[in-house]
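Trainee: Got a structure for you, questions after.
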Amino acid sequence: MAKHRKRGDGSIHLRKDGRWEGRYVINRDEKGFPVTKNVLAKTKAECATKLAQLRERLREPVNDQPKPGILLSDWLNLWYQGYKKANLRPNTQMSYERRIYQHIIPALGGIQLDKLTTGDIQKFYTNLKKGGRLLRAELYGEGLSDQTVRGIHTTLHAALNYAVEEKLIFRNPSDGCKLPSSKPREMKVLTPEEIQRLLIQAREDGCYEMLLLELSTGLRRGEICALKWDDLNFKTGALRVERQVHRVQGELVVSQPKTKASNRSVILPPPVLAVLKAYKKSATTQWIFPSPVKVDSPQDPAAVRKRLSTILKRAECKHIRFHE
């Protein structure tokens with residue numbers, strides 16, 4: 001009979017590559033999924049030993065635990081840098097850092113962790129809705145969207161939940177806050193006349209092929225910028241989507257999509273395929289839409305967003321987001 005491990009001891013299983021892997025749950029993320037530490041070994045016995053050593057190390061008292069009276073800013077920094085950051089993708093790290101260092105800490109960071117109240121947090125969320133936008137307020141208004149405020153709440157709530165687990169506070173003060181509605185944002189759609197004007201203007205601005213592809217597939221801006229000619233099969237019309245372009249700390253990075261579901265193929269309509277086939281005759285790089293300023297590099301999605309905004313204005317179309 002197989003011997004079952006005790007609850008809380010971690011788990012061991014044999015990988016496809018022949019090695020044994022041990023996993024130990026150290027935390028839960030904001031969605032409730034387990035965050036684990038792993039060990040690898042050639043034999044099951046060696047794996048069990050390594051897992052036990054890992055478990056003991058993690059159970060040892062941590063010397064840098066906050067003292068009573070710690071400020072919320074210090075706790076957020078410790079929680080993010082010490083517990084959260086290592087388990088996040090670079091792009092997700094940027095989202096967390098914007099929420100923590102641009103919004104939460106400037107507004108609430110000076111309050112002691114054990115003095116933070118539901119009222120403090122509720123007022124903070126209200127102010128974000130009224131005037132929390134730091135960039136492009138002239139386009140989107142001074143207040144943050146409901147979705148962005150809810151994202152900030154998710155991060156703060158997770159950090160405070162961990163403080164409860166560490167017995168630094170008795171309860172999570174963000175539990176009682178009233179959040180903005182989670183209903184989806186109303187989608188803006190161009191009329192057929194606007195689409196025609198947009199494509200005419202895009203042709204004049206040298207962006208026709210990209211805009212046509214976006215309108216016919218609905219791909220995200222970062223996905224379109226990451227397309228290579230090898231991704232397109234002209235015989236079948238199938239276009240593989242398996243990477244994205246984004247910025248990490250100012251540097252342009254090409255990476256895999258965030259989820260496996262984002263890896264997909266789309267079939268292009270024959271007219272679009274014909275346009276791209278003609279466009280390929282002048283191609284000098286592996287990228288379908290290369291950077292106009294850097295040799296053999298993809299376009300910057302932020303630059304594409306600005307170009308789209310300019311083309312929309314010139315074509316006298318309503319402002320829409322690229323993915324809409």
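The values are calculated or read from the model by the stated rules, or taken from the named source; none is laboratory data. On a predicted model such as this, the values are computed, not experimentally measured, just so you know. Reconstructed Cβ throughout: ideal geometry from the backbone, glycine too, with neighbour counts over all protein chains shown.
Trainee: How many residues does the stretch 71-118 contain that are assigned to a loop (DSSP other than H, G, I, E, B) and at pLDDT 90 or above?
Mentor: Going through the stretch 71-118 one residue at a time, the tally reaches 5.
Trainee: In addition: For the stretch 194-225, what are the residues that are out of contact with any Phe, Trp or Tyr (no Cβ under 8 Å at 6 or more places or on another chain), assigned to a loop (DSSP other than H, G, I, E, B) and on the phi < 0 side of the Ramachandran plot?
Mentor: Asp205, Cys207, Leu219
Trainee: Only one of Gly206, Gly250, Gly218 is under 18 Å from the mean Cα position of the chain (by Cα) and surrounded by fewer than 15 Cβ atoms within 10 Å (Cβ to Cβ). Can you tell me which?
Mentor: None of the other options fit; the residue is Gly250.
Trainee: Would you mind telling me which numbered condition in (1) in contact with a strand residue (DSSP E or B) (Cβ under 6 Å, 6 or more places away or on another chain); (2) closer than 24 Å to Arg89 by Cβ Gln299 fails?
Mentor: Failed condition: (1).
Trainee: Mind telling me which of the residues Val35, Val39 ends up being outside the structural domain of Leu252 (by TED's automatic domain parsing), among the hydrophobic types (A, V, I, L, M, F, W, C) and at pLDDT 85 or above?
Mentor: Selected residue: Val39, the only one of Val35, Val39 that is outside the structural domain of Leu252 (by TED's automatic domain parsing), among the hydrophobic types (A, V, I, L, M, F, W, C) and at pLDDT 85 or above.
Trainee: Sticking with this one: Within the stretch 264-290, how many residues are part of a loop (DSSP other than H, G, I, E, B) and either touching a Gly at 6+ places or on another chain (Cβ under 7 Å) or buried (at least 17 other Cβ atoms within 10 Å of the Cβ) (or both)?
Mentor: So the answer is 3.
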